[in-house]
Amino acid sequence: MAWAVLFDGKMWYTYVQHRIYAAAENKRGFMNKEKHIIIAGGGAAGMIAAVAAAREGCKVSLYEKNEKLGKKLFITGKGRCNVTNAGDMDELFAAVITNKKFMFSSFYGFTNEDMMQFLEDAGLRLKTERGKRVFPLSDHSSDVIAALDRTLKKENVKVYLRKEVKGLNFITEEDKTICKGIFLEENGKKTAVDADCVIVATGGMSYPSTGSTGDGYQWAQAAGLKVTALSPALVPFETAELEIVKSLQGLSLKNVEATVSNGKKELYRDFGEMLFTHFGVSGPLMLSASSFCAKAIAKNLLKLSIDLKPALTEEQLDERILRDFAEAKNKQFKNSLNHLYPAKLVPVIIERSGIDPDKQVNEITKEERRRLVETTKALTFTLTGLRPFKEAIITQGGVDVKGINPSTMEAKKAENLYFAGEVLDVDAVTGGFNLQIAWSTGWAAGKAAAEKIQES
């Protein structure tokens, strides 16, 4: 009787419609909410991973040991948050310093355009500035975090603040290491929280005050993964010439060319802006240089050469100096340079050129002028080291990507364990590229983890 009613006319149509709807809902994940993914770390990679996993229909829990999400995001870009870079794919890959081939799948899987659209859809208006750097229109990093937080709530991600993950729970089955969840510590007791997959997005070692204390590296090693040598990156340099840099402290040089060399080997050369500090050199140009030079400077002193007039050849610069000298022929040398150099730099240029500061301009020889040209085209300093992790924007080094599937971010030696963001051994120059690495790897991990357990 029940079958007769069921297959009778309208009832049969209703039954079929119900099954089609149920199948569709199941595909979207609404029938699989019991599938649980845990994310350790509520920074850029962790938040985007949570959204990606939730949109695949999984139950997602995000654990963050700080009192709020996105603590490091809040201070990036001097509080403005350079969310990504609007360059094309070639520009994105060119900006990656370490393991750019590893980024191929995730960059294309979740592009910079995808991220910009994601934020716009979340109610955040964006703008693009010099160097194709993308910022929130408001210039407030808090608005970026708020947009992500709204999306987490919309996708029903359960966020646990002030909850520090103390370790990962592994079991061994048939010689396979499987991640089964995490450990928390509450009231001095270790408690286990089960999950079908765990995504580690704990960041690196930079700005430890924001919670980046290297926890993920220890967990990776416990899972049998290698962690490469760690170094602060996108960080200022210290120099041997402390008295000179202290006299130049606060001086910003724009449109200069900087070259860093290890003996005869050139490590870095670029054009841009730099800044003198009480301990050495900083600014965008030098921060990017640090990522190319981190390994070398750990072993050797490096040479920094600054071309103050890169647009001019030595011959053109000599002609410029001759014109300036003709107008100041009756002045002392020390009083003839203000049109050519910033006032703070003049005493250094005089000292390096070896020309008597009190000498009359019309008495300066061709040989002395040649030395002035050489000093201007190659103002040199000795780089002795990098500033510490607490001043670094990112960490260079991390979980060796040879042990990570580049399409899914899953560990090859530990099933159901994923890594995303700065914890990986991937880094790039300044300009929003490092955050795009976090967005792309986080999205890849969240989506892949969810799809895997939905299929199981």
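Could you tell me whether segment 274-284 includes any residue that is farther than 30 Å from Asn66 by Cα, touching a Phe, Trp or Tyr at 6+ places or on another chain (Cβ under 6 Å) and either free of Cβ contacts under 8 Å to residues at least 24 places away in the same chain or surrounded by 18 or more Cβ atoms within 10 Å (Cβ to Cβ) (or both)?
Yes: one or more hits.
State whether one or more residues within segment 247-261 are more than 23 Å from the chain's Cα centre (by Cα), among the charged types (D, E, K, R) and in the same structural domain as Ile306 (by TED's automatic domain parsing).
Within segment 247-261, one or more residues are more than 23 Å from the chain's Cα centre (by Cα), among the charged types (D, E, K, R) and in the same structural domain as Ile306 (by TED's automatic domain parsing).
May I ask you to list pairs of residues, at least six apart or on different chains, whose Cβ atoms are under 8 Å apart, with the first in segment 304-330 being in the same structural domain as Ala240 (by TED's automatic domain parsing) and modelled with pLDDT of 95 or more and the second being of a type outside the set (A, V, I, L, M) and loosely packed, with under 13 Cβ neighbours inside 10 Å?
From residues that are in the same structural domain as Ala240 (by TED's automatic domain parsing) and modelled with pLDDT of 95 or more, the pairs are Pro310/Asn255; Pro310/Phe271; Ala311/Asn255.
How about segment 113-156: which of its residues are aliphatic (A, V, I, L, M) and not in a helix (DSSP H, G or I)?
Ala122, Leu124, Leu126, Val134, Leu137
For segment 133-146, indicate whether the set of residues that are modelled with pLDDT of 95 or more and at positive phi is non-empty.
Yes, segment 133-146 contains a residue that is modelled with pLDDT of 95 or more and at positive phi.
Kindly check whether there is at least one residue in segment 99-109 that is under 26 Å from Tyr418 (Cα atoms), out of contact with any helix residue (DSSP H, G or I) (no Cβ under 6 Å at 6 or more places or on another chain) and among the small types (Gly, Ala, Ser). Show your work before the answer.
Let us first name the residues in segment 99-109 that are under 26 Å from Tyr418 (Cα atoms), namely 99-109.
Next, only the ones that are out of contact with any helix residue (DSSP H, G or I) (no Cβ under 6 Å at 6 or more places or on another chain) stay: 101, 103-105, 108.
Those still in the list that are among the small types (Gly, Ala, Ser) too: 105.
Checking segment 99-109: at least one residue is under 26 Å from Tyr418 (Cα atoms), out of contact with any helix residue (DSSP H, G or I) (no Cβ under 6 Å at 6 or more places or on another chain) and among the small types (Gly, Ala, Ser).
Scan the strands (runs of 3 or more DSSP E) fully inside segment 193-295 and keep the ones with 3 or more residues being under 29 Å from Thr172 (Cα atoms).
Working: elements: 197-200, 231-233, 237-239, 252-262, 265-276, 280-282.
Qualifying strands (runs of 3 or more DSSP E): 197-200.
Enumerate the pairs (first residue in segment 351-363 and outside any helix (DSSP H, G or I); second residue anywhere and of a type in the set (A, V, I, L, M, F, W, C)) with beta-carbon separation below 6 Å, excluding pairs fewer than 6 apart on the same chain, so at least 6 apart or on different chains.
Ile355/Phe333; Pro357/Phe333; Pro357/Ile350; Lys359/Phe333
The values are calculated or read from the model by the stated rules, or taken from the named source; none is laboratory data. It should be emphasised that the depicted structure is a prediction, and the values quoted were computed from it without experimental measurement. Note: ideal-geometry Cβ built from the backbone for every residue, glycine included; neighbour counts use all protein chains shown.
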